[in-house]
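Some notes on the structure that comes next.
Nothing in this text is a laboratory measurement; each read-out follows from the coordinates by a stated rule. Keep in mind the model is a prediction, meaning the values are calculated, not measured. Reconstructed Cβ throughout: ideal geometry from the backbone, glycine too, with neighbour counts over all protein chains shown.
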Amino acid sequence: MSSFAPQTAVTTMVPPDPFKHVNYTLGMVLGVTDLTQDFVYGRERDAAIIRDLIGYGTVCGLAVSADELGPEPQVLVGLGTAVSPRGQFIHVPCAQSARLNDWLAAHATRVAQYRSGDNLRLYVVVRYRECLTDAVPIPGEPCRSEDEMMAPSRVQDDYQLDMLFVPPDQRHDDAIRDFWAWLSQIERADVPDSPALLAAFEDAVRQAVPQLSSPPTSPPTSPPDYMIGSPPDSVVIPRVAACDYLRLAFLIWTTELRPLWLGINQTCAGEPPDEEYVLLAELDIGLTAAGQVADAPAIAVNERERPFLVSLRMLQEAMLCGLGGGSAADAGDTVVAETAFGQASNAGGAPELSRADHTHGTPPDPIPPHQADPAAHTLIGDVTGPVSATVVASLRGAALDGAAPGEAQVLTFQGGAWRPADHPHVAPLDPIPPHQADPAAHTLIGDVTGPVSATVVARIAGAPVNQTAPAPAQVLTFTGGEARWAAPAAAGGEFVEHPPGLPRYAIVAAGEVLGDGTAVGPTYNGLTAQVNGDPGVVEFRFDDYVFDNAAKYIVKALLVFNRALFDQQTISMPVVRFGSFEADHFRLIVAVSPLVILSDNAGSPILNQETGDVVRVTAAPAPADPPLLERMAFMIEVSRFEAV
């Protein structure tokens, strides 16, 4: 049905360019796309200013806590505000809570990878989202449904709280903290500046960056440490040139390190990052055998890795007044005098600040004549006489004989005084008198027995030693309650061998699982599968999987034949091939070839002249649909080895 009402042309909507705005010209007819273009330009420019010049993280509130005393264990998030990694403001207008057992039950397949008694680590996050509201009537064709006659007229800022099994990518915040922590370890010293010292400082900054030693990937994988180790002890920052050194460090950060770590296309070309979640807290949860929250240990809430933003007003106050706080009006007017030797230092308890130009002074000289005549002072005690001609008169109060010592004499205490005398050279007594007459007369008892001239090792650590002589290549082995010589046992154990001199090689995951994640039999290292919704694509995960360029993986995959699933009259055996390695999983791609019935021009099936069966041909392979993938069984083995 049609009418005389003007028809609205349907145009293909092109996403607005965030780097363009409307050039208003007299007589220009503006439409929805023009207004949308100007709005997107302003919104994206504001978001870029926030994320690139200010940062992201919690702004106010959003405290995270755990409630274990109620009928159901819960995680609580208070109201507050945050800025997303894309520069969007996130407002949570009221406190929120989540029942942990209900959440764990909804994610039972993933939780089942963790054993009873293990700690499950979850990451509480928040992200920005939008809601369309305030529907209004819109013109259009008649005979439309009620939904087609109305359209939302407003877009409202909204939020989404969630818990993830893997942490969000916050390399921006991690890199800033690690870079500044490394830089703050360099000592500020009162040394003269020189070009060589500045060059050493610049070289230390570059050498501490792991990625500068090899071409970086884009986007780069996050290293465990953005700055290697600590600065060399030989590198210092002269106080007189601290500004120049810090400016050089921040120049390297801005032009080289930030693009290197964060991906130059996203951070330096104005494009927003892929990450949209803000980390609020980490939860460590003990699990029962049923995959629920255990009674003990308690739920641990860790907010140490949470990014947050401090207002510029707070930073201004810290910069002007110092981290110790206080002001000139709070300065004290008195300084405690130090007038005694040996007096211990005392930090004091007064809240006021002392003035910057104060001094504690020095105590008076305890020996005034020292200033006029250093030789005027006379020592008394073991050492006596004036300081210009001292004499050792006694040792620990005992008088020292004034006679001159002879060659090779020693100081000896005799008759109540120290005197020079000849060395007595007294030899010690023989503790075993017969030793002088017959050294072989002594007999040993214990692990080593017999006379000293013919000892025998009869035991080792109390265990008897069989006295049978050893044969070549035998080893001493404890068996049958005694140590005896025997051929070495063959090496064995639960391991995968590799040729000598090559790096480690290990099987890191194995098992047979269905595409929907159900384990057909025992699995190794938490192997599980998931169909992501794309035709032909199945994702596989296992514990501790982190894609690393320094290591290589080999995936062995077989489809388990199931006649009930793959009816030979309708479909041929599927073909599986490797897809790709991703950040926390790898992908396999499955294609199937349907069997098509041949028909004649009249539409009747063509029959085989000999057997009378319907003639079928194999169609071109095509990616398998998700419902079929979920019923397929995969036999998987994943090996990992170091790249050489």
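With 10 Å bins beginning at zero, the pair-distance distribution over Cα atoms of segment 439-484 amounts to 26, 44, 25, 5 %. Only the Cβ atoms of Lys and Arg (+1) and of Asp and Glu (-1) were treated as charged; on that basis the dipole of segment 106-156 about its Cα centre amounts to roughly 600 debye. Computing FRET efficiency as 1/(1 + (r/R0)^6) for residue 469 and residue 343, where r is the C-beta to C-beta distance and R0 is 60 Å, gives about 0.20.
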